[in-house]
Amino acid sequence: WRVGEGWDVHALVPGRRLMLGGVEIPFDKGLLGHSDADALLHAVTDALLGAAGLGDIGTWFPDTDDRFRGADSLRLLTEAAAAVRERGWQPVNVDATVIAQAPRLGPYRSAMQANIARCLGVPADAVNVKAKTAERLGPVGQGLSIEARAVVLVGRSAAPR
Amino acid sequence: WRVGEGWDVHALVPGRRLMLGGVEIPFDKGLLGHSDADALLHAVTDALLGAAGLGDIGTWFPDTDDRFRGADSLRLLTEAAAAVRERGWQPVNVDATVIAQAPRLGPYRSAMQANIARCLGVPADAVNVKAKTAERLGPVGQGLSIEARAVVLVGRSAAPR
Amino acid sequence: WRVGEGWDVHALVPGRRLMLGGVEIPFDKGLLGHSDADALLHAVTDALLGAAGLGDIGTWFPDTDDRFRGADSLRLLTEAAAAVRERGWQPVNVDATVIAQAPRLGPYRSAMQANIARCLGVPADAVNVKAKTAERLGPVGQGLSIEARAVVLVGRSAAPR
Ligand SMILES: [Mg+2]
Ligand SMILES: [Mg+2]
Ligand SMILES: [Mg+2]
């Protein structure tokens with residue numbers, strides 16, 4: 001067994017789509033970044049890579065690389081999961097929190113969970129996404145950004161290939 | 001085995017009691033919220049629900065529900081623990097950090113740990129509470145809020161009922 | 001098995017060395033604190049103590065104690081690991097993130113990982129250090145501070161001594 005953690009933040013700006021957990025959420029702003037800036041998927045990807053001792057998302061998918069401009073972060077997570085499996089680790093469960101002052105994320109939680117579970121190849125009930133506000137405090141509370149946090153447990157699936 | 005994480009923040013304001021880990025702490029301000037605003041217990045509750053794949057505290061105990069106005073968060077954590085057990089999961093251990101610029105929390109750590117352990121039905125030494133300041137940085141460092149973070153490990157106790 | 005988490009922040013100021021993961025990193029500022037203010041090692045130490053139910057770094061190594069003025073945090077982590085082992089726990093893996101707007105930390109990640117692994121007595125591949133910016137948001141994003149986060153998994157090594 002091994003545990004990993006991830007954290008991410010992106011600025012919330014006009015003129016971008018808001019992608020969280022691979023779900024496009026109707027809102028008047030979106031997250032700014034080189035890829036689709038999906039903070040939740042980035043935190044989960046980092047936690048997964050971290051659990052398997054495989055570095056971090058910035059090393060795997062550099063934001064200076066044109067291949068990842070506007071990238072679908074579901075694809076990045078799927079690639080990370082494949083790398084984790086190749087080293088003989090199997091994702092066991094994911095728990096994550098999205099911290100956003102707005103919009104309300106409750107209605108999108110199950111779609112996010114299903115997306116993440118599909119990328120990882122785990123049952124839907126092995127992925128849990130929680131939502132919080134920042135109680136109007138700090139950049140997240142002022143609506144300037146959205147943060148995400150995640151933990152992942154992995155187990156040995158087989159000898160590394 | 002499954003892992004969960006939780007995070008919470010509440011604003012620190014005059015005219016409220018300061019409840020952390022179910023302990024009333026003498027201070028000239030308290031945490032603002034619909035319930036007793038116990039950020040530590042909320043983070044632990046979210047981590048526990050998250051480990052068991054049971055959603056989040058906001059879904060279980062909505063802050064729009066009059067039943068939870070001024071609620072004792074020890075009761076909420078106890079209810080969450082019962083739900084986790086009903087699904088066949090048993091809490092193994094909890095580790096958490098409270099981040100507050102003031103007051104000093106060291107003297108209250110063991111009482112907080114005992115409260116959490118009792119709610120979860122685990123031995124006292126399976127719960128660890130840590131305390132930090134924010135080094136005068138950000139809203140917590142300016143004394144405007146208190147944050148808490150938690151991780152929880154659960155194991156299979158039995159077939160789900 | 002038990003899980004622990006840790007978090008730390010220190011202000012970034014002129015006239016101090018920048019120590020992260022026991023590595024001195026060339027930069028025009030450094031972290032302010034009583035010890036060497038190595039936020040990464042402090043987060044890992046707290047996560048390790050937390051997993052073993054041994055309290056927190058502030059209780060073990062008080063910043064009011066002259067013995068720890070300017071202390072090498074690698075030594076503190078090594079002492080914490082010895083205490084964890086004495087209680088019959090063995091570190092399994094560590095995953096951590098350093099959040100800094102600057103400097104770039106990628107080139108130093110493996111040296112940090114090797115330092116932490118040596119303190120804990122675990123193989124180098126059981127320690128993973130990730131690096132992020134704060135996207136110019138909040139105190140970390142403004143270059144006023146550096147934060148670190150960590151999770152640790154421990155397992156039973158033997159009966160407590
Ligand atoms: Mg990102
Ligand atoms: Mg709360
Ligand atoms: Mg420190």
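With a ≥ b ≥ c taken as the square roots of the eigenvalues of the C-alpha gyration tensor of the protein assembly as shown, please select rounded if a/c is under 1.5 and otherwise prolate if a/b is larger than b/c or oblate if it is not?
It comes out rounded by the Cα gyration axes.
Per residue of B:92-104, count partner chain C-beta atoms within 10 Å of its C-beta, then hand back the mean as an integer.
Taking all residues of B:92-104 together, the mean is 4.
Whole-Hz Karplus ³J(HN,Hα) for the range A:123-139, in order, using 6.51 cos²θ - 1.76 cosθ + 1.60 and θ = phi - 60°, x for Gly and Pro?
x, 4, 7, 8, 10, 10, 10, 10, 10, 9, 9, 9, 6, 6, 9, x, x
Hey, can you grab everything whose amide H is under 5 Å from the amide H of residue C:92? Only 5+ residues off in sequence or another chain; H modelled, so Pro and N-termini drop out.
C:153, C:154, C:155
Have a look at the DSSP beta bridges in the range A:96-161 and tell me what percent are antiparallel, nearest 5.
Antiparallel bridges make up about 50 percent of those DSSP assigns within the range A:96-161.
Can you tell which of C:54, C:23, C:155 lies farthest toward the positive end of the dipole of the range C:22-161, using +1 and -1 charges on the Cβ of basic and acidic side chains (Lys, Arg; Asp, Glu)?
C:155
Return the average number of partner chain Cβ atoms within 10 angstrom of each residue Cβ along peptide B:51-64.
Averaged over the peptide's residues, the number is 4.
When ligands, DNA and RNA are left out and all protein chains stay put, how many square angstrom of accessible area per residue does the protein assembly as shown have with a 1.4 Å probe?
Spelled out: the 1.4 Å probe surface of the protein assembly as shown, per residue, equals 37 Å².
Of all trypsin sites (Lys or Arg not before Pro) in the range B:1-62, which ones are in loop regions per DSSP and have a Cβ with at most 15 other Cβ atoms within 10 Å?
Here the sparse-neighbourhood loop sites are B:17.
Gain in length, residue A:65 to residue A:27, computed as 0.36 nm per residue apart minus the alpha-carbon separation, to one decimal in nm?
Contour length minus Cα-Cα distance gives 10.9 nm.
Using θ = phi - 60° and the Karplus curve 6.51 cos²θ - 1.76 cosθ + 1.60, what whole-Hz ³J(HN,Hα) does each residue of the range C:46-63 get, with Gly and Pro shown as x?
Per residue, the Karplus-derived 3J(HN,Hα) values read 5, 5, 5, 4, x, 4, 8, x, 10, x, 9, 4, x, 7, 6, 10, x, 7 Hz.
Provide a whole-number value for the mean count of partner chain Cβ atoms within 10 Å of the Cβ atoms in peptide A:136-147.
Whole-number average of other-chain Cβ neighbours for A:136-147 is 5.
Using the Karplus curve 6.51 cos²θ - 1.76 cosθ + 1.60 with θ = phi - 60°, work out ³J(HN,Hα) for each residue of the range C:88-95 in order, rounded to whole Hz, and write x for Gly and Pro.
Coupling constants for the range C:88-95: x, 9, 10, x, 9, 8, 10, 10 Hz.
Label the range A:1-160 by shape, choosing from rounded, prolate and oblate, from the square roots a ≥ b ≥ c of the eigenvalues of the Cα gyration tensor; if a/c is under 1.5 it is rounded, and otherwise prolate applies when a/b is larger than b/c, oblate when it is not.
prolate
Could you report the buried accessible area between C and A, both sides summed, computed with a 1.4 Å probe and given in Å² to the nearest 100?
Separately minus together, C and A give about 2000 Å² buried.
Against the longest principal axis of chain B, how steep is helix B:109-120, in degrees 0 to 90 to the nearest 10, with axes from Cα atoms?
30 degrees
Roughly what % of DSSP beta bridges within chain A run antiparallel, to the nearest 5?
The antiparallel fraction comes to roughly 80 percent.
Could you work out the relative contact order of chain B? I mean the mean sequence separation of Cα pairs under 8 Å and 6+ apart, divided by the number of residues, in percent.
Once normalised by length, the contact order is 33 percent.
The values are calculated or read from the model by the stated rules, or taken from the named source; none is laboratory data. Here the structure is a predicted model, which is why all the values come from computation and not from measurement. Methodologically, a virtual Cβ is constructed for each residue, glycine included, from the backbone with ideal geometry; neighbour enumeration extends over all protein chains shown. SASA here: full protein model, heavy atoms, side chains in, ligands and nucleic acids out. Shrake-Rupley method; radii C 1.70, N 1.55, O 1.52, S 1.80 Å.
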